[in-house]
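Just below is one structure, and these are the notes that go with it.
Taken together, the values in this text are just the output of simple stated rules run on the coordinates, not laboratory data. Note that the coordinates shown come from a computational prediction; the quantities given were computed from them, not determined experimentally. Positions of Cβ are generated from backbone atoms using ideal geometry, with glycine treated the same way; all protein chains shown enter the neighbour counts.
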Amino acid sequence: MKKMMMVCALAVAAVVVADGDVDALKAALEKVSDAETQFRIGVCYAEGKGLVKDEKEAARWYRKAADQGHAEARHLLANCYCRGTGVARDYAEAQRLWRIGAAKGYARSIHNVGTCYMDGLGVEKDYAEALKWYRQAAEMGFASSQVNMGAFYLNGYGVEKDEAEALKWYRKAAANGMDKVPEVADAIRKLEKRD
């Protein structure tokens, strides 16, 4: 049903665009109430696919979907606040939105809460706290967090240095598609030589 609604909304939009009536397009889009479709409209605005690229409109549509509980929309809205794209930069709001996603088990948001602690974005820099969040996302199989776990153990950020543990996390990241990332491949190669 949701996919059908999205297809219908986009079909109406395509007809309106073909006629060149931008105001009618915007009016048609405003009638969309489905969170997934609102999220997709936000993506279209963010990427300039089918709609003129507009970061403010992207953030507005992400907000509509996020307010209905759409996890990825909430995550991308938090990214907007973190970067100041389409909205005023507000690390506290980004953190709040990511924490909602984290509480619901959304790995990308969990990872980003860790990054806030690692980089001191809206919170005091705290490697031990960052490690806690990264570990949670890494154990869920989130490859970027697995890379960070490897780096934390390799460099002793918030934890005692442990090359065997670092190698374990880098290997997990590689198995999750990060094998072509130079940082991961180089770390594995260096750590295996020491092993």
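Tabulated values for the structure
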| read-out | value |
| --- | --- |
| Cβ crowding within 10 Å averaged over residues, with 126-138, 142-154 ranked highest first | 142-154, 126-138 |
| Net lengthening on full extension, residue 31/residue 160 (0.36 nm per residue, minus Cα-Cα) | 41.0 nm |
| Residue-averaged [θ]222 nm for the chain, counting only DSSP H segments that reach four residues, each worth -39500 (n - 2.57) | -23000 deg cm²/dmol |
| Inter-label distance for residue 83 and residue 193, nm, one decimal - labels placed 7 Å from Cα along Cα-to-Cβ | 3.6 |
| Proximal lysines relative to residue 104, as straight alpha-carbon distance under 19 Å, when same-chain residues fewer than 8 apart are discounted | 64, 132 |
| Contour excess over end-to-end distance, with Cα ends at residue 123 and residue 168 and 0.36 nm allotted per residue | 13.3 nm |
| Over the chain, relative contact order from alpha-carbon pairs under 8 Å, at least 6 apart, % | 9 |
| For region 84-160: rounded, prolate or oblate by the Cα gyration tensor [a/c cutoff 1.5] | oblate |
| Angle in degrees between helix 35-47 and the longest Cα principal axis of the chain, rounded to the nearest 10 | 80 |
| Nearest-ten-degree value, helix 127-139 long axis tilted from longest Cα axis of the chain | 70 |
| Degrees between helix 91-103 axis and first principal axis of the chain (Cα, 0 to 90, nearest 10) | 80 |
| Dimensions (Å) - the chain, Cα atoms, principal axes, largest first | 66, 33, 27 |
| Inter-site label distance for residue 55 and residue 183 at 7 Å from Cα along Cβ, in nm | 2.3 |
